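The values are calculated or read from the model by the stated rules, or taken from the named source; none is laboratory data. Just so it is clear, the model here is predicted, and its values are computed rather than measured. Because the Cβ atoms are built from the backbone with ideal geometry, glycine has one as well, and the counts that use them run over all protein chains shown. To get the accessible areas, we keep the full protein, side chains included, count just its heavy atoms, and leave off ligands, DNA and RNA. Shrake-Rupley method; radii C 1.70, N 1.55, O 1.52, S 1.80 Å.
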Amino acid sequence: MFDWVKHIFLAGLLGVIVIRGEGLFQGCMKIFAVTGSGQNAGKTTAVVNLVSEFKKRGLSVGTIKQIHEMNFSMDKRGKDSWRHAEAGADIVIAASPVEAVAIKRISGLNRFDEAMSLLAGQELDILVIEGHPGVDMPMLYAARDSDFCGSKPIGQNVVAVVSLSPENFGEMNLPVFHMTRDVSEIADLVLAQF
């Protein structure tokens with residue numbers, strides 16, 4: 001079990017999780033997830049808006065995008081990087097003049113643990129995860145309208161609902177925000193959890 005996992009479980013539901021460490025993660029990183037009622041719920045819109053807002057505030061930001069397609073790969077069959085992995089490389093870094101991509105096959109392993117291990121050494125202020133990470137942590141719940149809130153259970157870790165049509169939500173026990181107009185307030189809510 002990674003050290004950061006212990007910190008997540010110890011932190012419990014005190015708000016947005018703060019990871020403090022000396023091993024994998026130096027300093028302090030805040031972490032939360034944006035989940036939702038399915039495809040086209042607005043998760044990516046919410047994540048993109050929040051990343052932009054956090055960057056405007058001078059924060060260093062990382063993201064993890066959960067992908068549920070079983071055979072999804074960033075790599076392409078037959079390409080040199082694919083051949084490196086096929087030959088047995090534990091990790092392949094594809095580096096171009098404008099970006100670098102890490103490709104690590106994780107057959108049967110916990111993808112969230114593996115994604116977090118790839119962030120080791122990164123000095124991030126905040127990490128935004130799109131999709132349910134499979135561990136308890138504070139979350140924003142993206143929904144097109146109130147009907148979609150009933151299609152999946154919202155869960156006890158959700159601190160707010162974000163939507164493109166918040167006016168269509170009735171009384172809820174959670175704050176409901178417009179995911180583009182209210183992005184500053186959403187960011188304030190997330191950061192206030194610390």
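For segment 109-134, taking the residues that are in a loop (DSSP other than H, G, I, E, B) and of a type in the set (S, T, N, Q), the one that is nearest to SER52 (Cα to Cα) is identified as GLN122.
One residue is enough: does segment 100-108 have a residue meeting the conditions surrounded by 19 or more Cβ atoms within 10 Å (Cβ to Cβ), modelled with pLDDT of 80 or more and not in a loop (DSSP other than H, G, I, E, B)? So far as segment 100-108 goes, no, none of its residues is surrounded by 19 or more Cβ atoms within 10 Å (Cβ to Cβ), modelled with pLDDT of 80 or more and not in a loop (DSSP other than H, G, I, E, B). Screening VAL18, VAL47 for residues that are modelled with pLDDT of 80 or more, touching a strand residue (DSSP E or B) at 6+ places or on another chain (Cβ under 9 Å) and open to solvent by less than 40 Å² (accessible area, probe 1.4 Å) leaves exactly one candidate, VAL47.
Out of all the residues in segment 64-83, is one or more buried (at least 16 other Cβ atoms within 10 Å of the Cβ) and closer than 30 Å to ALA143 by Cα?
We begin by selecting, within segment 64-83, every residue buried (at least 16 other Cβ atoms within 10 Å of the Cβ); these are 64, 66, 75, 81-82.
Keeping just the survivors that are closer than 30 Å to ALA143 by Cα gives 64, 66.
Yes, because at least one residue in segment 64-83 is buried (at least 16 other Cβ atoms within 10 Å of the Cβ) and closer than 30 Å to ALA143 by Cα.
For segment 58-113, what are the residues that are under 26 Å from MET29 (Cα atoms) and polar (S, T, N, Q)? Residues satisfying the conditions are SER60, THR63, GLN66, ASN110. Look at segment 170-194: where a residue is part of a loop (DSSP other than H, G, I, E, B) and a partner is open to solvent by less than 60 Å² (accessible area, probe 1.4 Å) and of a type in the set (Lys, Arg), sitting 6+ places away or on another chain with Cβ atoms under 7 Å, you get PHE194/LYS30.
I'm trying to understand the selection: among the residues of segment 171-194, which are polar (S, T, N, Q), modelled with pLDDT under 85 and either over 14 Å from VAL159 (Cβ atoms) or open to solvent by less than 70 Å² (accessible area, probe 1.4 Å) (or both)? Working first, answer last.
Our first condition is that a residue be polar (S, T, N, Q); within segment 171-194, this holds for 173, 180, 184, 193.
Narrowing further to those that are modelled with pLDDT under 85: 173, 193.
Correct list: GLN193 only.
In segment 37-50, the residues that are free of Cβ contacts under 8 Å to residues at least 12 places away in the same chain never reach a residue that is open to solvent by less than 40 Å² (accessible area, probe 1.4 Å) and not in a helix (DSSP H, G or I) with C-beta atoms less than 7 angstrom apart, at least six apart or across chains.
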